[in-house]
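A quick write-up on the structure given underneath.
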Amino acid sequence: MGEFEHSARTGINVVRTKRIRAAVALGVAALLVTVWATVGDKWPWSSLPERVCWGSIDRSVLTEAAPPGDGSWKATEGNDSWSDPECTVSRGDWRLSATVMKTPLKSHLWWDLGRLPLPHDLPGMIKTNGDRVDGWLHLPQCPDKVVNVDVPGAKADPRAAADLAARTLLAVGNARIAECGGKPFPVPKSFDWPALKPVRPSAGEPPCGVADAVTVRKWADGEVTQLGALDDAPVSRCSVLQDGEDELDLGLFSAVVLRDRATLDAFSPTGVRAEVPVTPGKPLSLTTEDLRYDRDAVTALMCAEGSGSRYVHVYASGTDARYAAIKRAVLTTVAATMTCP
């Protein structure tokens, strides 16, 4: 009886041990299946923290933007060749970069760094080039900082890539503003982008609102399209393009309007070239010198009384006479939007 009991107990222990091991194995397998089903193609996480790029960008923003794939994430923080803080996040061929630049940049052709202003009253712009979106955001809360980002995905989904650029700019920008002790920019739930591609104005509609439609079509020798608009945002830009041109072309003419002098000083190497007083109800008094090409400077529209101002850069193709006519039209249109006393 004792031998039987010992043998029985030994057999039971062996069976129990096997069952426990099997249960553990099944549990581990189930856990792995659950983890894989949860994170899918975004595994592994070992090299991507919850927040990257100086603790500013949430991991979910990156993983939702990246296409499916089984590569590992890599995040690096360092300094670029100008000693500005730079961060790069990548997985396979997918790569996002962010740089916090010191100002003034003194950038040649600064007025061509963006095509579409950031919505929601943000002092910045984006520019699509091929599959990438480049963007900048001026940080007036910090005396000498501009954020630049470069993100992929523009060919697959232009609006999603524009959203990613804007969210990255705000994430990195607000993190820097917190260090400066300033008030952060509000982060919208979604971004109200205008048309990301040029659109054809309706019949009789003045392109960019700055000139007679018939005159513009005569200059263009045909139909035109428009990208952007001139408004009272911190940065606004509008281009009139000829047939066959796209959003990367400067077109028949383009105009950039800045609301704040600080944004101008952050970019332009030469600042203000000419100042034009604005008096409500009176036409602008524009000299030949005022209507010259500004190169990398701007023409400042200044309220004759009070402190209102706008900083305008105009590019136009064609003759000097055409440039002067276009610039006059742009300055007149922008001045009409100012609320001078």
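Full-extension gain between residue 215 and residue 81, please, as 0.36 nm times their residue separation minus the C-alpha to C-alpha distance.
Gain in length upon complete extension: 43.5 nm.
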Q) How large is the dipole of the chain about the Cα centre if only Lys and Arg carry +1 and Asp and Glu carry -1, each at its Cβ, rounded to the nearest 20 debye? A) 900
Q: Identify all lysines with a Cα-Cα distance to residue 102 below 27 Å; exclude those on the same chain that are fewer than 8 residues away in sequence.
A: 74, 127, 145, 183
(Q) Tell me the net charge near residue 58. Cut-off is 12 Å between Cβ atoms, residue 58 excluded, with +1 for each Lys or Arg and -1 for each Asp or Glu. (A) +1
Q.
Once you keep just the Cα pairs under 8 angstrom separated by 6 or more residues, what percentage relative contact order results for the chain?
A. 12
Q. What list of whole percents do you get for P(r) of the stretch 193-311, with Cα-Cα distances grouped in 5 Å bins up to the one holding the largest distance?
A. 2, 10, 18, 20, 20, 16, 11, 3, 0
Q.
On a 1.4 Å probe surface of the protein chains, which of 293, 311 comes out largest in accessible area, and what is the full order?
A. 293, 311
Q. With r defined as the distance between the Cβ atoms of residue 248 and residue 144 and R0 fixed at 41 Å, what FRET efficiency is calculated, to the nearest 0.05?
A. 0.85
(Q) Per residue of the stretch 289-305, what does 6.51 cos²θ - 1.76 cosθ + 1.60 with θ = phi - 60° give for ³J(HN,Hα)? Whole Hz please, x for Gly and Pro, Karplus curve as stated. (A) 5, 4, 8, 6, 5, 8, 6, 9, 9, 9, 9, 9, 9, 10, 4, 4, 10
Q: Express the relative contact order of the stretch 196-291 as a whole percentage, based on alpha carbon pairs under 8 Å and six or more residues apart in sequence.
A: 19
(Q) Using a 1.4 Å probe on the protein heavy atoms, what percent of the accessible area of the chain belongs to carbon and sulfur? (A) 55
Q: Could you tell me the accessible area of residue 338 in Å² (1.4 Å probe, neighbours in place), rounded to the nearest ten?
A: 20
(Q) I want to verify a result. In a Gaussian network model of the chain, Cα cutoff 10 Å, which of these has the top mean-square fluctuation: 161, 178, 213? (A) 178
Q. If you roll a 1.4 Å probe over the heavy atoms of the protein chains, what accessible area per residue do you get for the chain, in Å²?
A. 52
Q) Near residue 121, within a Cβ-to-Cβ distance under 13 Å, what is the net charge of the other residues, with Lys and Arg +1 and Asp and Glu -1? A) -3
Q: Compute the distance in nm between two label points, each set 7 Å from the Cα along the Cα-to-Cβ direction, one at residue 131 and one at residue 339.
A: 4.6
(Q) If you average the C-alpha positions of the stretch 75-105 and of the stretch 274-341 separately, how far apart do those two centres end up, in angstrom? (A) 37
Q. Straight-line reach from residue 282: which lysines have Cα under 25 Å away, leaving out those fewer than 8 places along the same chain?
A. 327
Q) In the neighborhood of residue 250, defined by Cβ-to-Cβ distances under 12 Å, what is the net charge if each Lys or Arg adds +1 and each Asp or Glu adds -1? A) -3
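Determine the relative contact order of the stretch 183-238: mean sequence separation of Cα pairs under 8 Å and six or more apart, normalised by residue count, in whole percent.
Computed over the stretch 183-238, the figure is 32 percent.
For 168, 88, give me the order by solvent-accessible area with a 1.4 Å probe, most accessible first, ignoring ligands, DNA and RNA.
88, 168
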Q: Give, to the nearest whole percent, the P(r) tail of the stretch 77-159 beyond 22 angstrom, counting all Cα pairs.
A: 27
**Q.** Computed FRET value (nearest 0.05) for residue 284 with residue 121, which takes r as the C-beta separation and R₀ as 25 Å
**A.** 0.40
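The values are calculated or read from the model by the stated rules, or taken from the named source; none is laboratory data. Every value quoted in this text rests on a predicted model; they were computed, and no experiment measured them. Backbone-built Cβ (ideal geometry, glycine too); neighbour counts: all protein chains shown. Side chains are part of the model used for accessible areas, which takes the heavy atoms of the whole protein and leaves out ligands, DNA and RNA. Shrake-Rupley method; radii C 1.70, N 1.55, O 1.52, S 1.80 Å.
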